[in-house]
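The values are calculated or read from the model by the stated rules, or taken from the named source; none is laboratory data. These figures come from a predicted structure and were not determined experimentally. We place every Cβ from the backbone using ideal geometry, glycine too, and count neighbours over all the protein chains shown.
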Amino acid sequence: MSYLNIDPKIRKFVNETEKELVDIYSDLDKLAENNQLRVLDAMQNVQLSERHFLPSTGYGYNDQGREAIENIFAEILRGESALVRPHISSGTHAIACALYGNLRPGDEILAITGSPYDTVRTFIDSKSEEGNGTLEDLGVEYKEIPLKNNHIDINRVLDTISDKTKMIYLQRSTGYNWREAIPLEEIKKTVNKIKELYPDKIIFLDNCYGEFLSEIEPLELGVDLIAGSLIKNAGGGIAPTGGYVAGKKELVHNAGCRLAAPGVAVETGSTMNWPKQVLQGLFFAPTVTVSAIKNAILASAVYKKLGFEVRPEPDELRNDIIQSIKLGDPEAIKIFCQAVQEAAPIDSYVTPEPWDMPGYSDPIIMAAGAFIQGSSIELSADAPIKEPYIVYYQGGLTYPHGKIGVMLTLQRLLDNNFLKLEELK
Ligand SMILES: *Cc1c(COP(=O)(O)O)cnc(C)c1O
């Protein structure tokens with residue numbers, strides 16, 4: 001990789017655009033600083049030391065690293081407790097533990113931010129997995145209320161909640177939808193209204209991509225239970241695997257009963273050599289997340305200037321790290337993703353192609369030349385091959401790497417006549 005591969009006009013265009021973003025970037029540096037303090041505090045409060053890095057084996061009773069990690073996550077996420085495990089294999093699995101652990105036959109789960117993320121829908125009610133133990137197979141009913149003009153339709157939510165409703169489901173990030181992430185302010189208002197009338201309903205929030213985006217975390221706003229992945233923001237690009245569930249103690253415990261078994265719940269689970277990497281990743285997570293946000297904003301600003309529709313806009317408040325860019329052409333989204341792969345430290349020589357990923361309904365092309373397989377806090381891009389041909393761009397462990405990625409996408413679109421040099425001003 002050399003700047004020689006990138007047209008000087010592209011470099012100039014991106015550098016000029018970057019200059020317009022200094023005020024936004026400066027606010028984000030402040031956010032990283034405050035969240036760094038929060039992480040540092042939590043680590044000091046458990047008196048973290050080298051003994052927490054010693055590997056455990058077998059059943060993993062009294063695994064000191066695991067216990068320290070769970071206390072630290074609980075404090076950072078403002079939960080009564082947290083379940084943070086290498087045995088949680090993905091964000092989807094973390095969410096599944098939270099839902100299966102807390103829902104029973106005859107209960108209803110009500111999704112109020114539209115349809116949940118594809119892989120979550122698959123275990124809730126998808127016909128494709130019928131008979132394999134989806135929530136619906138087990139007698140849990142599912143209802144969904146779409147967003148109205150991109151906002152939670154609170155009146156309809158309040159009208160729909162009934163005695164059967166056990167859990168209200170929110171998703172903060174966009175997933176593969178052309179919409180803004182839900183702002184924390186809106187989550188707060190919604191939670192307050194629901195709790196006022198229905199204090200006993202469990203409010204669950206899918207927090208994937210949400211960590212360290214703000215100085216406030218959803219559990220502080222009255223949400224009861226959250227779940228997320230360690231190969232996104234909270235792992236800082238270093239955690240090799242894992243996920244978490246956090247919130248009210250009893251609800252987290254129930255999720256643990258599902259992860260392991262009722263009775264042994266959360267007391268077992270050897271973590272081998274995992275704790276040190278998770279803790280180190282968590283330590284980096286506030287700055288890594290801010291690098292990813294800055295990179296998303298740079299991409300947003302650059303592509304907006306070129307006349308593409310972008311979500312969010314460069315100066316809009318961010319509630320996840322995803323930048324959606326409507327390229328409007330199936331070939332263009334492929335070229336974009338291939339350019340992101342080409343800019344990667346790992347597997348830069350391979351060319352990604354669309355494929356039918358398990359759990360997704362359309363073929364997806366994914367660029368993820370990452371140290372941690374599939375990690376989307378690392379520079380990555382993905383796009384379902386469907387109209388209106390939107391690419392979802394995210395991550396960047398360091399800001400300079402993200403910037404190189406943006407420049408290379410422009411170069412390859414230029415090489416393939418989706419852009420013209422005259423447009424770069
Ligand atoms: C990534 C993601 C998930 C699922 O996480 P995986 O680790 O891919 O299983 C769920 N919800 C949202 C909003 C996500 O971004």
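Identification of strands (runs of 3 or more DSSP E) wholly contained in the range 321-425 with 1 or more residues that are among the hydroxyl-bearing types (S, T, Y) yields 323-326, 380-384, 390-394. If you go through the range 217-237 and keep only what is more than 13 Å from A96 (Cα to Cα) and within 16 Å of the ligand (Cβ to nearest atom), you end up with E217, P218, V223, L230, I231, K232, N233, A234, G235, G236, G237.
The strands (runs of 3 or more DSSP E) found entirely in the range 131-208 that carry 3 or more residues being farther than 30 Å from V310 by Cα and not hydrophobic (A, V, I, L, M, F, W, C) are 141-144.
Consider the range 230-250 and keep the residues that are of a type outside the set (V, I, T) and surrounded by fewer than 24 Cβ atoms within 10 Å (Cβ to Cβ). The one that is nearest to S270 (Cα to Cα) is P240. In the range 174-186, the qualifying residues are those that are modelled with pLDDT of 80 or more and within 14 Å of the ligand (Cβ to nearest atom), and the one that is farthest from Y360 (Cα to Cα) is I182. Looking only at residues in the range 173-187 that are touching a strand residue (DSSP E or B) at 6+ places or on another chain (Cβ under 8 Å) and more than 18 Å from N149 (Cβ to Cβ), the one that is surrounded by the most Cβ atoms within 10 Å (Cβ to Cβ) is S173.
Counting the residues of the range 306-320 that are touching a residue at least 40 places away in the same chain (Cβ under 8 Å), on the phi < 0 side of the Ramachandran plot and either loosely packed, with under 15 Cβ neighbours inside 10 Å or in a loop (DSSP other than H, G, I, E, B) (or both) gives 9. Filtered by the rule that a residue be closer than 19 Å to Y117 by Cα and either touching an Asp or Glu at 6+ places or on another chain (Cβ under 6 Å) or not in a loop (DSSP other than H, G, I, E, B) (or both), the range 220-233 gives L225, I226, A227, G228, S229, N233. For the range 5-16, the set of residues classified as surrounded by fewer than 17 Cβ atoms within 10 Å (Cβ to Cβ) and of a type outside the set (D, E, K, R) consists of N5, P8, N15, listed by residue number.
If you go through the range 78-95 and keep only what is surrounded by fewer than 24 Cβ atoms within 10 Å (Cβ to Cβ), within 16 Å of the ligand (Cβ to nearest atom) and not in a loop (DSSP other than H, G, I, E, B), you end up with T92, H93. Would you confirm whether any residue within the range 55-75 is part of a helix (DSSP H, G or I), of a type in the set (V, I, T) and within 15 Å of V278 (Cα to Cα)? Yes, because at least one residue in the range 55-75 is part of a helix (DSSP H, G or I), of a type in the set (V, I, T) and within 15 Å of V278 (Cα to Cα). Once the range 120-130 is narrowed to residues that are assigned to a loop (DSSP other than H, G, I, E, B) and not polar (S, T, N, Q), the residue that is surrounded by the fewest Cβ atoms within 10 Å (Cβ to Cβ) is E130.
Which residue out of E130, E141 is over 30 Å from G58 (Cβ atoms) and in contact with a strand residue (DSSP E or B) (Cβ under 6 Å, 6 or more places away or on another chain)? That would be E141, the only listed residue that is over 30 Å from G58 (Cβ atoms) and in contact with a strand residue (DSSP E or B) (Cβ under 6 Å, 6 or more places away or on another chain). Scanning the range 56-94 for residues being aromatic (F, W, Y) and either touching a helix residue (DSSP H, G or I) at 6+ places or on another chain (Cβ under 7 Å) or within 19 Å of R258 (Cα to Cα) (or both) gives a total of 2.
For the range 196-211, the criterion of being touching a residue at least 12 places away in the same chain (Cβ under 8 Å) and more than 21 Å from G114 (Cβ to Cβ) is satisfied by at least one residue.
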